[in-house]
Amino acid sequence: MDLKKNDIIELNIDGYTAEGSGVGRYGGLAVFVPLAARGDRLRVKILKTAKTHAFGKPEEILVPSPDRVEPDCAQFARCGGCVFRHIGYGAELRAKEQRVRDALERIGGFRGIAMEPIVGADEPDHYRNKAQLPIGEAPDGGVSLGFFAARSHRMIPCESCNLQPPVFAAAMEAFRQWANRSGETVYSERTGKGKLRHLYLRQARATGEVMVCAVVNGGGLRGEDELAQTLRRNVPGLKSVIINSNRENTNVVLGKKCRTVWGADTISDRLCGLEFRISPLSFYQVNRDQAERLYALAGKYAALTGSETLLDLYCGTGTIGLSMAKNAGRVIGVEEVRPAVEDAEKNAQINGIRNAEFLCADAAQAAGMLKSRGILPDVVVLDPPRKGCTPGLIETVAAMAPRRVVYVSCDPATLARDLKLFAEKGYPPQKVAPVDMFPRTPHVETVVLMSRVKD
């Protein structure tokens, strides 16, 4: 039977896609269904078909999965930020672990690879230390805050989010009340007019310090002092109130210019025993507690003894390399984003770390340059973006002949592809450990140890 749009079918869900939708088989076609759970039997309405797959939506749960739980968020089905709030956390961890294993086997061609149990979060809610909240106009003409629905710029109003700390809800409400009194207008993407674009919030989990940043289409706001006072009265731990100017017609949230209205320019957090100062423009791991566990695993795999040269490629603001510096003879971080390199240098200085240096360069070019200078690392740490490493970088790293390579990945598919190339260069994977950095979302991090096979 050929499927067509608007058909109603019964479907058993037996797995998940990389985006967290349920997947089942019907007449040889894979059918993808959001908000489904492995073990469900559903009545599904077909929305779109292709030669090898189809997309549907659940019309009725005929037999619920034993993994199902009642979602604890009224916006869950509309917001798109979470995809696993309808199943228990244990089931979510099993799904993510299986996703990594499937990628390694199907894409990388690895069989029987040693995989450690996934590192789950002690607290799968309230972990996000950063929020970027679009500002919209409510039906009554007032100001509303929320999130964009998945794959759209349609705003879903939200007073609080279970992924964020409760203090963010207090900041949102205080800002909303001030905005309704201020007379400032809401920015329109269609016309490019209006002032209020985003409310950007950060919290340092270890210290409790909070930053509130208003992103505006202009240089400032009317009543900035009143805004600061309103926030001070209502936001526990408030350390900083900042205006960020973004006059560009762009989807990028933050502009390049920040001005402190009240308090400090930065907030401070502690990670792996180190202090990090965070500005609105600084990169910092969204889940601080799980980042500590991720870095601890990477450090264990690096197995530094105090004398090694560690090369940290795609180092960002230096957090991974700096967390390992006390066990290394020398740390060289490489990052192509200049502000991130400047932050890394500041972080090293703040923590009195003198055996770390940072280069602003493309990872592949920097690795080749270091090799030409005779600098051959004992251990290489890779933490690339979602697209993974280039074949050229993998070839250069292998040519440097480090004893170990530690790969920190945010995408199992590109990880598996890259591991296959590393294995061909004499660096097969030895250990693999998934880490759930972003509970309730489809994302999963993975740490991999590769050791050089000697000729």
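Computed from the coordinates by the stated procedures, all read-outs in this text should not be read as laboratory data. None of these values were measured; they are calculated from a predicted model. With ideal geometry, Cβ positions are generated from the backbone for all residues, glycine too; neighbour counts draw on all protein chains shown.
Figures for the structure shown
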| read-out | value |
| --- | --- |
| Part-to-part distance (alpha-carbon centres) for region 18-60 and region 395-431, which is given in Å | 34 |
| Cα-Cα over 25 Å, subset of 130/195; 326/387; 4/57 | 326/387 |
| Proximal charge balance of residue 308 [Cβ under 11 Å; K/R count +1, D/E count -1] | +2 |
| Residues 337, 235 arranged by fewest to most Cβ contacts within 10 Å | 337, 235 |
| Sorted by Cβ density within 10 Å, fewest first, the residues 278, 267, 350, 8 | 8, 350, 278, 267 |
| Loop sites in region 179-263: GluC sites (Glu not before Pro), DSSP, at most 15 other Cβ within 10 Å | 189, 248 |
| Proximal aspartates and glutamates relative to residue 96, as straight alpha-carbon distance under 12 Å, when same-chain residues fewer than 8 apart are discounted | 19, 411, 436, 445 |
| Label selected from (1) 161; (2) 221; (3) 250, the criterion being volume of the Cα convex hull per residue in Å³ as computed here | (1) |
| Over the chain: helical MRE at 222 nm, DSSP H runs n ≥ 4 each giving -39500 (n - 2.57), nearest 500 | -8000 deg cm²/dmol |
| Under the Karplus curve 6.51 cos²θ - 1.76 cosθ + 1.60, θ = phi - 60°, whole-Hz ³J(HN,Hα) for region 224-231, x wherever Gly or Pro sits | 5, 5, 5, 4, 4, 5, 4, 5 |
| Listed residues 170, 320, 8: farthest to the positive end of the dipole of the chain (Cβ charges) | 8 |
| Förster radius 45 Å - calculated FRET efficiency between residue 188 and residue 62, Cβ distance, rounded to 0.05 | 0.50 |
| Cβ-based exposure ranking for 207, 52, in which fewest neighbours within 10 Å come first | 52, 207 |
| Most positive-pole-ward Cα, 301, 223, 390, against dipole of the chain from beta carbon charges | 390 |
